[in-house]
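The values are calculated or read from the model by the stated rules, or taken from the named source; none is laboratory data. Here the structure is a predicted model, which is why all the values come from computation and not from measurement. Methodologically, a virtual Cβ is constructed for each residue, glycine included, from the backbone with ideal geometry; neighbour enumeration extends over all protein chains shown. Keep in mind that these areas ignore ligands, DNA and RNA; they rest on the heavy atoms of the full protein, side chains included. Shrake-Rupley method; radii C 1.70, N 1.55, O 1.52, S 1.80 Å.
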Amino acid sequence: MLLNNRQFGLGGLPVLGDFETRSISAENPDGRRAGGALALPEGPRDPARELGKPWKVRPCITLNPGTVTTLADITGQGMLQHIWITVEPKAYRDCVLRMYWDGEETPSVETPAPDFFAVGHGRFAPVNSLPIIVNPANALNCFWPMPFRTHARITLSNETDRDVDLVAYQITYVETEVPAAAGTFHAQYRRASTAERNPYTILDGVKGSGRYVGSFLAWTQMEKGWFGEGEIKFYLDGDDRFPTICGTGTEDYFCGAFDFDPGVVEKDRKSAYLEYNTPYAGLPQVIRPDGVYASQQRFGLYRWHIPDPIRFETDLRVTIQALGWRTDKDRRYLPLQDDIASVAFWYQTLPTAPFPALPDRDYLEVI
């Protein structure tokens, strides 16, 4: 039975068909049928030393320094449905998540693990959206559907010089037929200072046909005042200087308005940014300065184009301006010198154009 929205949405739950559910975890590393809970206690200090299999013996793994660990290696045809990972917060951006589809040697997903789950500043923030959910304490969940036709491989690398302990994960998928029209899932991380280049590039170099389905921005403000006057722009299918799709402001793109600040329109209300989580857009994190060492204001923002994907046929480029206001009486715009990290999400036909090199560990670090 072919996968489609009806079969995998809420309305498709009663539909029975040719699907086989599998789940990969530390307790069943290859996800095979009847392959779970086979681990044996490893020594006299093992918590399960008096129980053994099929009890809770191997619920998590350790990532050794400078290594790449394969979380899932699946041969055949199917679709990933749910990924749950938890990584210790102090190792947030030091763990890089990569995904490879159908035998490709370069990844279609490459991003620090927390940023993939809309957590971008090295601190937990709850996210309650349709495809991404982050729950206490540091539980990272993804529900983006990810089809593959011959093979799927997911890795998690440890970029540090020490062990990263207590890494737990569960990757659930179905073995089923994938239609020819289904695109493969992609996610790409970038980070830059807008002092060097403004507008900021969220995505560029995409070749092929597909749909853009989401943006996550971890925005660090370096100047006082409102940061979000800039417009997002989508350059489609040969657009050069001028885009086909042009937004009206940063908060507008993330389905907000008037600076995310009810005090702007309610004059008797104290001015303050107001966090929010919704199925398709949110501002789940606002990190406010403490007046001493935490000197920059920081924002985490997501926008999922699920009911309104951006379709492209040959190529795609996405940018956003970092723009505020000058403080003089003329009310002129001010290009900002901020720090932005982003993850772009999209589906497209293979092959995947190689991504730009991922920044090194020092550049990924949240400071």
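Tell me yes or no: at least one residue of the range 140-163 is farther than 17 Å from Ile85 by Cβ, at pLDDT 95 or above and aliphatic (A, V, I, L, M). The answer is no; no qualifying residue exists.
The set of residues in the range 116-136 being open to solvent by 10 Å² or more (accessible area, probe 1.4 Å) and assigned to a strand (DSSP E or B) consists of Asn128, Ile133, Asn135. On the given criteria, is Thr111 farther than 19 Å from Ile306 by Cα and either crowded, with 22+ Cβ neighbours inside 10 Å or aliphatic (A, V, I, L, M) (or both)? Here the answer is yes, as Thr111 does meet what is asked. Among the residues of the range 309-365, those identified as assigned to a loop (DSSP other than H, G, I, E, B), open to solvent by 50 Å² or more (accessible area, probe 1.4 Å) and under 19 Å from Gly122 (Cα atoms) are Asp360, Glu365. Restricting Val15, Val96 to those that are in a loop (DSSP other than H, G, I, E, B) and open to solvent by less than 50 Å² (accessible area, probe 1.4 Å) reduces the list to Val15. Can you find a residue that is part of a strand (DSSP E or B), in contact with an Asp or Glu (Cβ under 7 Å, 6 or more places away or on another chain) and exposed (fewer than 14 other Cβ atoms within 10 Å of the Cβ) anywhere in the range 241-255? Yes, the range 241-255 contains at least one residue that is part of a strand (DSSP E or B), in contact with an Asp or Glu (Cβ under 7 Å, 6 or more places away or on another chain) and exposed (fewer than 14 other Cβ atoms within 10 Å of the Cβ).
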